[in-house]
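Okay, structure first, notes after.
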Amino acid sequence: GAAAMAAVRDVEIDPEGTFKYILVRLQRPGGEEQRDIVRGTKAAEFHNHIFEKVNPEMEKLGYECKCLGGGKIDHNSKDKKIRVFGLSTGYGKADHSVTVEILKKVYRDYEITWSDDKK
């Protein structure tokens, strides 16, 4: 269980640009074990497009997925900065402070900030 969950990457986001993201909670059905992951891509016109891609992938691994909300990520790889902001109309606003903590695990040498700004 824990090994399979560890194999799921904390973060999968585009390397550059501004795009929609969602915060997803993975849980084993009937299990205590859970963790939150961040997924975002320019390819998604709407937040649910990201969820519709992640959900079947995770179900195959035996997890239930719940979207905890969304927003936007501005990823500037040149300056090593990530800004988390905005919200998802369908899922509501993710807790951006949680998203930032997850991003920090992966982008250790980045300056990562968040705000409730819409833009």
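The values are calculated or read from the model by the stated rules, or taken from the named source; none is laboratory data. Every value quoted in this text rests on a predicted model; they were computed, and no experiment measured them. Reconstructed Cβ throughout: ideal geometry from the backbone, glycine too, with neighbour counts over all protein chains shown. Ligands, DNA and RNA are excluded from the accessible area calculation, which covers all protein heavy atoms including side chains. Shrake-Rupley method; radii C 1.70, N 1.55, O 1.52, S 1.80 Å.
The numbered conditions (1) under 19 Å from V100 (Cα atoms); (2) at pLDDT below 95; (3) open to solvent by 70 Å² or more (accessible area, probe 1.4 Å) are all true for E16 except (2).
For segment 41-52, does any single residue satisfy the condition of being in contact (Cβ under 8 Å) with a residue 12 or more places away in the chain and under 13 Å from T99 (Cα atoms)? No, segment 41-52 has no match at all.
Among the residues of segment 37-48, not one is in a strand (DSSP E or B), over 8 Å from the mean Cα position of the chain (by Cα) and surrounded by 18 or more Cβ atoms within 10 Å (Cβ to Cβ).
Going by what's in this entry, would E52 be described as closer than 19 Å to D14 by Cβ and surrounded by fewer than 18 Cβ atoms within 10 Å (Cβ to Cβ)? Talk me through it step by step, then tell me what you get.
On the way: closer than 19 Å to D14 by Cβ: yes; surrounded by fewer than 18 Cβ atoms within 10 Å (Cβ to Cβ): yes.
So E52 passes the test.
Considering every residue within segment 9-30, establish whether at least one is β-branched (V, I, T) and more than 11 Å from the chain's Cα centre (by Cα). First the steps, then the outcome.
The first filter runs over segment 9-30 and keeps only residues β-branched (V, I, T), leaving 11, 13, 18, 22, 24.
If we keep only those that are more than 11 Å from the chain's Cα centre (by Cα) too, we end up with 18.
Yes, because at least one residue in segment 9-30 is β-branched (V, I, T) and more than 11 Å from the chain's Cα centre (by Cα).
Here Y107, Y63 are screened, and the one residue that is aromatic (F, W, Y) and open to solvent by 30 Å² or more (accessible area, probe 1.4 Å) is Y107.
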